[in-house]
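The values are calculated or read from the model by the stated rules, or taken from the named source; none is laboratory data. Being a predicted model, the structure only gives us computed values, none of them experimental. With ideal geometry, Cβ positions are generated from the backbone for all residues, glycine too; neighbour counts draw on all protein chains shown. Keep in mind that these areas ignore ligands, DNA and RNA; they rest on the heavy atoms of the full protein, side chains included. Shrake-Rupley method; radii C 1.70, N 1.55, O 1.52, S 1.80 Å.
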Amino acid sequence: MEPSKTLLAIWVIVTLFSTSNVVEGRYHYHKRPKKGGGGSSGSPVPPPDSSPPSESPVPSTPATSPPVVGPPGIPSDPSPDPSRGSDTDGIFDVTSFGAVGDGSTDDTAAFTAAWKAACAVESGTILAPSGYSFMITSTIFSGPCKPGLVFQVDGVLMPPNGPDCWPKADSKKQWLVFYRLDNMTFTGSGTIEGNGEPWWDLPCKPHRGPSGQTAKGPCDSPAVSTNLNSKVYQHESEFFCSNDILRGTFQMIRFFMSTNLAVNGLRIQNSPQFHMKFDGCEGVLIEKLSISSPKLSPNTDGIHIENTKSVGIYNSMIGNGDDCISIGPGCSDVDIEGVTCGPSHGISIGSLGVHNSQACVANITVQNTIIRESDNGLRIKTWQGGTGSVSGIRFENIQMENVRNCIIVDQYYCLSKACLNQTSAVYVNELTFRNIKGTYNVMSPPIHFACSDTVACTNITMSEVELLPHEGELMDDPFCWNAYGTQETPTIPPIDCLRDGMPETIAESSTYGC
């Protein structure tokens, strides 16, 4: 062959290889939001702001960025083949990527490889099939991905069994993290097993022990989510945890900065601490979940949301050692219906305003729900010194069964005796309690409105509230402090302490508005 032809052939081969696309498990995709995509209402969920609400925004990843590498010690698949392990339906079975599923082998690499392959195709499904128990370490499942991605767990998925088995290089604050995703579904008929028991008795955080006395609880235990890269983790700690007294709490499953999410059908149990958390998300649909951990397991909130909008939580059963559902700062348009809660600490808004921070929560509805055998029922808790507001809160058609503190607003929330009185407070306004019936534990009054000395609670509406003692005599002394509202019907027990009208001075909108 002539030298010129030889050089031409080499140039063609080099050009073909240099211009081929390598799948990196992330795909930038821009589209109009689907109608009702993942949200609780039928209206479209608007796309999120291009930058997160923080002074330290997370930079968006350019299309030419290198592939995301998992936490130290977790091997990465440099260039997964989208067709590997997939049938014509776009299903990527983790066993085809090398997952063993015997409950002890580390299957993290197989899951990350299957994720990257499914992420690169439209309507791809990563499948953890039934009949297997998969153990993976702290992992971030990162987007953007092509639309319609499904993570389906039909078997058992679990972290290492206890602190002694947790890899030293891994975060012990999170386990499964889903980051920067849109139109993604987490579903299946299987179980997410947190293996939390070895964490619950670590000698750090006080909690109630098996006999009911104060004991020591978990320290450095993980939350179900994955470790983000250093920049993202720094951003998260600065903003998303700045108002959270539970900073450092382990989250087993965490959705972070994502939109149009659906979570359904799974059994989630025995988390070291929080079972599921949503940070900075918009358009979340949760339904038909079973979340469970023992009554005395410390800090095991079922579902926690913060800085998250347009959320629907429906037809689920939650029993645990802390709040069934907790709603943190920055949440709005949350609809909860058909939930059975207990044993637990009830459904809580807060805590809000910690460290003199601003907290804004609005348009929360809880209806057609059962709360049983719980330390609290419907609770709003704020710290002294905060600002912002809680408004547009509606509790309707709630059945109580042996619940302490059935209805409680506590604006003096404190975890120690060292909290000082402060003049500012989160403004609590527009609360409606309608058709709240059932039985209460006589250890505490069933209705408790402890509002700020200087910032009164206003526009509280009570209608068809009938609470009787589960055992013993009727306790007829609900507590009110600086609480203003109306009774549309007589309540049982009578709540004569609620003040009529409005206070002489009302919180200034410039200070407490959101």
Discussion item. I'd like the Karplus ³J(HN,Hα) series for the stretch 443-451: coefficients 6.51, -1.76, 1.60, θ = phi - 60°, whole numbers in Hz, and an x wherever there's a Gly or Pro.
Written reply: 5, 9, x, x, 10, 8, 10, 9, 8
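Expressed as cubic angstrom per residue, what is the convex hull volume of the alpha carbon set of the stretch 386-434?
On the way: hull volume 4.3 nm³, N = 49.
Each residue corresponds to 88 Å³ of Cα convex hull volume.
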Worksheet item: When the Debye formula is applied to the Cα atoms of the stretch 100-205, each taken as the same point scatterer, what base-10 log of I(q)/I(0) results at q = 0.10, 0.13 Å⁻¹?
Response: -0.30, -0.49
Practice prompt. Scan the stretch 443-492 for GluC sites (Glu not before Pro) in coil per DSSP, keeping those whose Cβ has at most 11 other Cβ atoms within 10 Å, and list them by number.
Written response: GLU471, GLU473
Practice prompt. Pull up all non-local amide H partners of GLN384: gap of 5 or more, or a different chain, and H-to-H distance under 5 Å with H placed in the peptide plane.
Written response: TYR413
Response to the item:
Computed ³J(HN,Hα) along the stretch 330-346: with the Karplus parameters 6.51/-1.76/1.60, θ = phi - 60°, integer Hz and x for glycine or proline, the list is x, 9, 8, 6, 10, 10, 10, 8, x, 9, 9, 10, x, x, 5, 10, x
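With a 1.4 Å probe and all protein chains left in place, how much of the accessible area of the stretch 395-514 comes from carbon and sulfur atoms, in whole percent?
Details: 2940 of 6070 Å².
After summing per-atom areas, the C and S share lands at 48 percent.
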Worksheet, complete the sentence: Interchain or sequence-distant (5+) residues whose placed amide H lies within less than 5 Å of the amide H of THR486 are ILE460, THR461, MET462
Discussion item. How high is the relative contact order of the stretch 323-507? Use alpha-carbon pairs under 8 Å, at least six apart in sequence, and give a whole percent.
Written reply: 17
Practice prompt. Taking the Cα centre of the stretch 323-507 as origin, work out the dipole magnitude from +1 charges on Lys and Arg Cβ and -1 charges on Asp and Glu Cβ, in debye rounded to 20.
Written response: 480
Response to the item:
The percentage of Cα-Cα pairs in the stretch 323-507 separated by more than 25 Å is 28
Item to complete: Filter the cross-link list LYS146/LYS381; LYS116/LYS295; LYS116/LYS381; LYS173/LYS295; LYS146/LYS173 down to pairs whose alpha-carbon distance in this structure exceeds 32 Å.
Response: LYS146/LYS381; LYS116/LYS295; LYS116/LYS381
Worksheet entry | Of THR454, GLY501, LEU474, farthest towards positive along the dipole that unit charges on Lys, Arg, Asp, Glu beta carbons give the stretch 366-514 | THR454
Worksheet, complete the sentence: If the chain between THR340 and LYS288 were fully extended at 0.36 nm per residue, the gain over the current Cα-Cα distance would be 17.6 nm
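Roughly how large, in nm² to one decimal, is the mean projection of the convex hull of the alpha-carbon atoms in the stretch 328-428? Intermediate values should be presented prior to the final figure.
Details: hull surface 24.4 nm².
Orientation-averaged projected area of the Cα hull: 6.1 nm².
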Fill in: Cut-off under 5 Å, modelled amide H: who pairs with PHE449 long-range
VAL409, PHE479, CYS480, TRP481
Worksheet item: What ranking do 446-453, 432-439, 334-341 get when scored by the average of other Cβ atoms within 10 Å per residue, highest first?
Response: 446-453, 334-341, 432-439
Item to complete: Give the peptides 322-332, 139-149 in descending order of average Cβ contacts within 10 Å, highest first.
Response: 322-332, 139-149
Worksheet item: So how many Å³ per residue does the convex hull of the Cα atoms of the stretch 237-380 work out to?
Response: 90
